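Here is the structure we will look at, set down as structure tokens.
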Amino acid sequence: MAQYDKSDLERRMAGAVESLKGDLSGLRTGRANVMLLDPVMVTVYGASMPLNQVATVSAPEPRMLSVQVWDKTNVGPVDKAIRSAGLGLNPITDGQTLRLPIPDLTEDRRKELAKLASKYAEGARIAVRNVRRDGMDNLKADEKKGEISEDERKRLETEVQKLTDSIIADIDAASRRGERKSSASKPGLSFCGHCPHPDLMATQAKSDLTSTAPVHGARHVAIIMDGNGRWAKKRLLPRIAGHRAGVEAVRRVARAARDMGLECLTLYAFSSENWKRPPGEVADLMGLLRHFIQADLDEFHANGVRLRVIGNYRVLDASLVDLIEAAVARTAANSGPVIAIALNYGAQDEMVRAAQQLAQRVARGEMRADEIGVETIGAALDTADLPPLDLLIRTSGEQRLSNFMLWQAAYAELYFTDMLWPDFGAAELGRALAAFRLRDRRFGGL
Ligand code: FPP
């Protein structure tokens, strides 16, 4: 079997760019930005792992990051990892919480950040060159085994080189933007949504590199976040650890969705069928949701995000309903993207509620039965004021909709990935958007 795999090569190169983009956007401003800590790797349990797999990072104040370490035996290693990451951050430890004051954006600090940006960019170039080397080695091996001819090997080598050059050019451009922005005096500049697929990169590289217009063309993406349990099981951890890591993925993807210019991201957090799970797991999920709103609302609000909830959430615990409604109200006037959380959501239940609402209007004489149609039903659904659904993603290899947005998915493109939800991030979202862009959407026409 041939060893050379073009799509794997593209995926790995795109991953290097995506990870660089995340790292650079953390350096972008002088304010507290949780992405600043994305590159921090912690050595725990005999392995090196990203900080967000052992702790929750939040930005409770504009000039303060907070790191909540889940396991108290990891506080020391986390402290050490942050101090030695070259970020110029010195944690103040308070039990399992590390508080990180953000230094003033002085000229020296800017130089320090610019140096870090070029270090990250160099790391990304090395990663891309390593992928190129693997590709070239695989082509030689394929030729040796007689899988491809010499001419074919040469043709594919040229293709790999071209891809490498275009990705390195993209890294150079991102790095120049990063340096410009970390040396700019105006804080709070956001990162331009730059898609990772080579085709998209080429398109955007030809256009204005500083443009924020998304080239993927999607407005509304919804995700069935599946695989938390399997992620935990693979690591011999309890299921709650998988859900916790799932919340970190929610944070990463919410930021990426904003960076990539989406208008709306809908996340299936708790289905109307999830009540069948053991009560302890249901309580854990509700607790995570409560904590997520409490810990992340400030960041959402500061970034102009509008938080929405779809589903029959009003039957949840009264204090959680109050928290949700206060969060929705607080962010309602923002002008940024919508993050819609599907809670106690089932598409059939949503359609039943819509049908009842319309039937009641007919009974009250407010409308005629023959006025019920696609428009009126759409307007009675929980998603009435959200943009039409463009892309529905499901993680973990399952290929079904599980009662999620059945009406809205009528003409949505579907994207299934084997990746488990806690591993999902900007790179995979970018791949899904790249695939979306290449789809031919005809909406029943020709
Ligand atoms: C499916 O994985 C996932 C869920 C039922 C819950 C998704 C919830 C989160 C990601 C965390 C809370 C969300 C927010 C927005 C704070 P599974 O447990 O069914 O995985 P498995 O199929 O591998 O067992």
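Out of the residues in region 216-243 that are in a loop (DSSP other than H, G, I, E, B) and not hydrophobic (A, V, I, L, M, F, W, C), state the one that is farthest from the ligand (Cβ to nearest atom). The extreme case among them is GLY217. Hey, among SER66, SER58, SER48, which residue is surrounded by fewer than 15 Cβ atoms within 10 Å (Cβ to Cβ) and assigned to a strand (DSSP E or B)? Just one listed residue meets the conditions, SER48. Scanning region 250-293 for residues that are within 21 Å of the chain's Cα centre (by Cα), assigned to a helix (DSSP H, G or I) and more than 11 Å from the ligand (Cβ to nearest atom) yields ARG252, ARG255, ALA256, ALA257, ARG258, ASP259. Please tell me if LEU36 is of a type in the set (A, V, I, L, M, F, W, C) and part of a helix (DSSP H, G or I). So LEU36 passes the test.
Taken together, the residues in region 81-94 that are over 21 Å from ARG109 (Cβ atoms) and free of Cβ contacts under 8 Å to residues at least 12 places away in the same chain amount to 1.
Would you confirm, using the coordinates I've provided, whether ALA380 is surrounded by 13 or more Cβ atoms within 10 Å (Cβ to Cβ), more than 16 Å from the ligand (Cβ to nearest atom), closer than 23 Å to LEU343 by Cβ and in contact (Cβ under 8 Å) with a residue 12 or more places away in the chain? Yes: the conditions hold for ALA380. When the residues of region 395-408 are filtered to those that are surrounded by 14 or more Cβ atoms within 10 Å (Cβ to Cβ) and under 17 Å from GLU273 (Cα atoms), the one that is nearest to the ligand (Cβ to nearest atom) is SER402.
Filtering region 295-304 to residues that are in a helix (DSSP H, G or I), of a type outside the set (A, V, I, L, M) and more than 11 Å from the ligand (Cβ to nearest atom) leaves ASP298, GLU299, PHE300, HIS301.
Rule-based calculations on the coordinates, nothing more; no lab input. In this text the structure is predicted, and so the values were computed from the model without any measurement. Quick reminder, even Gly has a Cβ in these numbers, built from the backbone with ideal geometry, and neighbours come from all protein chains shown.
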